[in-house]
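Working notes, beginning with the structure itself.
The values are calculated or read from the model by the stated rules, or taken from the named source; none is laboratory data. Bear in mind that the values here come from a model prediction, so they are computed numbers and not experimental data. Cβ: placed from backbone, ideal geometry, glycine included. Neighbour counts: every protein chain shown.
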Amino acid sequence: MSVTQSPQEGKKISTPQKILIIAGTRPEVIKLAPVIRELEKYPHHFKPHVIVTGQHRELLDQMLSSLRIEPDEDFKVMEENQALGILSAKVLTHCHHLLARIQPALVMVQGDTASAFCAALSAYYFQIPIGHVEAGLRTFNKYHPFPEEGMRILIDSISDFCWTPTHVGAQNLKQEGIADHKLFITGNTVIDALHLVLHQTKNVVSQNLKAIDFSKKIILVTVHRRENWGDNVQAIFRALITLAAQHQDVEIIYPVHFSPTVRNMAYSMLQGVRGIHLVEPLDYISFVHLLARSTFVMTDSGGIQEEAPALGKPVLVLREVTERPEGVTAGTAKVVGLASDQILNEAEKLLTDPKEYNSMANAVNPYGDGNSAKRIVQCLRHHFFHDCARPEPFTTNQS
């Protein structure tokens, strides 16, 4: 191999290592973007190769455009109402041919999607090292969320680098037998992405939000989880209808997921209700600025439980259990279940009780300090080139 000089460290290093980064959905792109940007700072060390599977086509394209990421290849695997088994088979097949051709030094995946799992499994078959961003999240119920809980456990079990956001995640992995040398506590890269967007853009308002009265209290709602489809979604929507009727000073904004199941129910129950605004999914920049202007968030999403506290926004988790218990422990989030009355009661507290609101809004965010991508890349530099120390773990006491 050829040898070059590292401008960062002044040490001789070998030819740049190919890092294959695979994403299928909007959250994956958001959380991998800071790592891609950080890898690009070290062209003598790494050559990132970005692949998208197209698992969530519309949201994925929107996010790639917002973050100015141009993938090297696109699998384009998505079809309407595609079964998980069929999707997985397609991604696995594409990954097999890609890895045989590219032969990267490492395959990097994020989170708990079918794209992430199949990419990791394919890398395992080729005996290529696997790096898992956001490792160690657990609900300890393999069907909640489904299929994410199973996917994340399986990815962690075959990964060589488990980049976990918090000490809780590291403890989960240790209990499952993951060796200490594979564990790195980095914080969550979603906080890096959040700061990146807020610092680089001004306060923007999407065309979808022009009708919103921002002088009122803003409640941001996201609902899309597969396990909430059916009766659970109806219970959530009933709570929103009652909340809107009881509070004239509130605007509820719900960017409706592209899932036909979710969209059909949302529009049948919520369209035309005063105070509830159904809008198309927002690009990431618009979403972050809407989040910053919100009073609080009601969500069944995972990532927003991490993002909202970074902006001092309380989170009501519309689920029975969360794989992010750190926020609940810290007081930034509260799991409110799926009963309409309970959801309504907890939302009422945040709207009417300043003490309750401030206790959540002012709690310390346990998920990151904006330097997670630096720690991940430092880990890879330490492993491949030995030109830096193993990164110090993130803690909530760090500045």
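Scoring Val197 on the criteria (1) touching a residue at least 40 places away in the same chain (Cβ under 8 Å); (2) in a loop (DSSP other than H, G, I, E, B) leaves a single failure, condition (2). Here region 159-193 is the region considered, the condition is being buried (at least 20 other Cβ atoms within 10 Å of the Cβ), at pLDDT 95 or above and among the small types (Gly, Ala, Ser), and the residue that is farthest from Val288 (Cα to Cα) is Ser159.
Given the structure, is Cys118 buried (at least 24 other Cβ atoms within 10 Å of the Cβ), in a helix (DSSP H, G or I), touching a residue at least 12 places away in the same chain (Cβ under 8 Å) and not acidic (Asp, Glu)? Judged against the criteria, Cys118 is a match. Among the residues making up region 102-113, those that are farther than 11 Å from Asp156 by Cα, crowded, with 24+ Cβ neighbours inside 10 Å and either aliphatic (A, V, I, L, M) or not assigned by TED's automatic domain parsing to the domain that holds Leu39 (or both) are Val107, Met108.
Here's the yes/no breakdown for (1) in contact (Cβ under 8 Å) with a residue 24 or more places away in the chain; (2) within 17 Å of His257 (Cβ to Cβ); (3) part of a helix (DSSP H, G or I); (4) over 20 Å from the mean Cα position of the chain (by Cα):
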site: Val50; (1), (2), (3), (4): yes, no, no, no
site: Gln55; (1), (2), (3), (4): yes, yes, no, no
site: Met63; (1), (2), (3), (4): yes, yes, yes, no
site: Arg68; (1), (2), (3), (4): no, no, no, no
site: Glu79; (1), (2), (3), (4): no, no, no, yes
site: Gln82; (1), (2), (3), (4): no, yes, no, yes
site: Leu92; (1), (2), (3), (4): yes, no, yes, yes
site: Met108; (1), (2), (3), (4): yes, no, no, no
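Within region 146-157, is even one residue assigned by TED's automatic domain parsing to the domain that holds Thr25, part of a helix (DSSP H, G or I) and more than 17 Å from the chain's Cα centre (by Cα)? Checked against the condition, which is being assigned by TED's automatic domain parsing to the domain that holds Thr25, part of a helix (DSSP H, G or I) and more than 17 Å from the chain's Cα centre (by Cα), region 146-157 yields at least one hit.
When we screen Gln342, Gln248 for residues that are surrounded by fewer than 20 Cβ atoms within 10 Å (Cβ to Cβ), closer than 30 Å to Gly136 by Cα, out of contact with any helix residue (DSSP H, G or I) (no Cβ under 8 Å at 6 or more places or on another chain) and not assigned by TED's automatic domain parsing to the domain that holds Asp61, the only hit is Gln342. Restrict the check to region 358-371 and report whether at least one residue is under 12 Å from Thr332 (Cβ atoms), β-branched (Val, Ile, Thr) and touching a residue at least 24 places away in the same chain (Cβ under 8 Å). There is at least one residue in region 358-371 that is under 12 Å from Thr332 (Cβ atoms), β-branched (Val, Ile, Thr) and touching a residue at least 24 places away in the same chain (Cβ under 8 Å). Within region 328-375, the residues that satisfy the criterion of being within 16 Å of the chain's Cα centre (by Cα) and at pLDDT below 95 are Asn365, Pro366, Tyr367, Gly368, Asp369, Gly370.
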